[in-house]
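Derivation of every value follows stated rules applied to the coordinates shown; laboratory data play no part. Quick caveat, the model's predicted, so the values are computed rather than measured. Glycine also receives a Cβ, built like all others from the backbone with ideal geometry; neighbour counts cover every protein chain displayed.
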Amino acid sequence: MKIGILSLNPELYSTTRQAEAIVARGHEVQVVDYLRCYMNITSSAPRVILQGDELHFDAIIPRVGASNTFYGTAVVRQFEMMGVFSTNGSQAIARARDKLRTLQLLAQAGIGLPVTGFAHHTKDIDGLIDIVGGAPLVIKLIEGTQGIGVVLAENRQAAESVIAAFRQLDANILVQQFIAEAKGEDLRAFVVGGRVVASMQRRARPGEFRANLHRGGTARPAKLTRIERRLALEAARVLGLEVAGIDMLRSRNGPVVLEVNSSPGLEGIEGATGVDVAGEIVSFIERNVGRKRRRVQA
């Protein structure tokens, strides 16, 4: 098979590891800068072209950055029109990138979430804070990634100040219940093809509440409970993702989903667990090239 990896940076760990896993299993790989692609949109012979050459793949692995979701998903969709198998469909990627939409779909499916409020330019700051049970609470810019644009407000006065400041940015704001009992730890379940292939527990560095490895957190292997495993699989299924990183917190009322990532990094999970996650993705492709992707909610 010839497999394309859609990635802006061929030197990233996740990209190089995925390429190595593809070659190790006897397949051909090409890393494609999807922003440099252009498309011929026609019903008879849709094409994706890079530097004058048509691209032909049996399967693609999209690693589309959050800031390039619109164009990245357009390229994925064009490959889908050509009958190319994609580890994640264009609709699923777009769906997962919209944090509010993700939370609404998960809530509709009955999946446990932190109590959440959403606003754009509300003047009723007190009402927004009260929705999640008051301070301490977490305030997020909905466009943020890797823990950027996420603030813990430890008291009501701080929460009011942060929300007022975010209002000046003309930004969409998520306000969430702070799960204090998680003690700066979260879980990452890596889902591939309806299975949790690896899981880790991340711990925030001292003085930090965000456990993201990009924010200085540490990671170790984690054994998920049956309920946590089922929750991760259901979250991926609801969003239509075949490859996903599901972030969860352990609350006093049971596990809750914090975030769903459609392009989860490989370095942290492989380093913490020793699992060949890149190889699991290639195995998934081998089992599924040629099958028609099931329809999911738009």
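Observations on the model:
- Percent RCO, i.e. relative contact order, over the chain, from Cα pairs under 8 Å lying at least 6 residues apart: 17 percent
- For LYS99, the aspartates and glutamates whose Cα falls under 20 Å of its own Cα, not counting residues fewer than eight places away in the same chain, are GLU143, ASP170, ASP186, GLU234, GLU242, ASP247, GLU259.
- Sequence ranges 188-199, 93-104, 217-228, 168-179, ranked by mean other-Cβ count within 10 angstrom, highest first: 188-199, 93-104, 168-179, 217-228
- Rounded to the nearest Hz, the phi-derived 3J(HN,Hα) couplings of region 261-270 under the Karplus curve 6.51 cos²θ - 1.76 cosθ + 1.60 (θ = phi - 60°) are 10, 8, 10, x, x, 9, 4, x, 6, 6, where x marks glycine and proline.
- Around the Cα centre of the chain, unit charges on the Cβ atoms of Lys, Arg, Asp and Glu (plus for the first two, minus for the last two) sum to a dipole of about 740 debye.
- The protection proxy used here, the mean number of other Cβ atoms lying within 10 Å of each residue, ranks peptides 270-283, 39-52 as follows, highest first: 270-283, 39-52.
- Whole-Hz couplings from phi, Karplus 6.51/-1.76/1.60, listed for region 229-245; x for Gly and Pro: 5, 5, 4, 4, 5, 5, 4, 5, 5, 4, 8, x, 8, 8, 10, 7, x
- Per residue of the chain, the DSSP helices (runs of n ≥ 4 H) give a summed -39500 (n - 2.57) that works out to -9500 deg cm²/dmol at 222 nm.
- Computed from the C-beta positions of GLU160 and GLU267, the FRET efficiency with R₀ = 35 Å rounds to 0.35.
- Compared with the dominant principal axis of the Cα atoms in the chain, helix 99-108 is inclined by about 80°.
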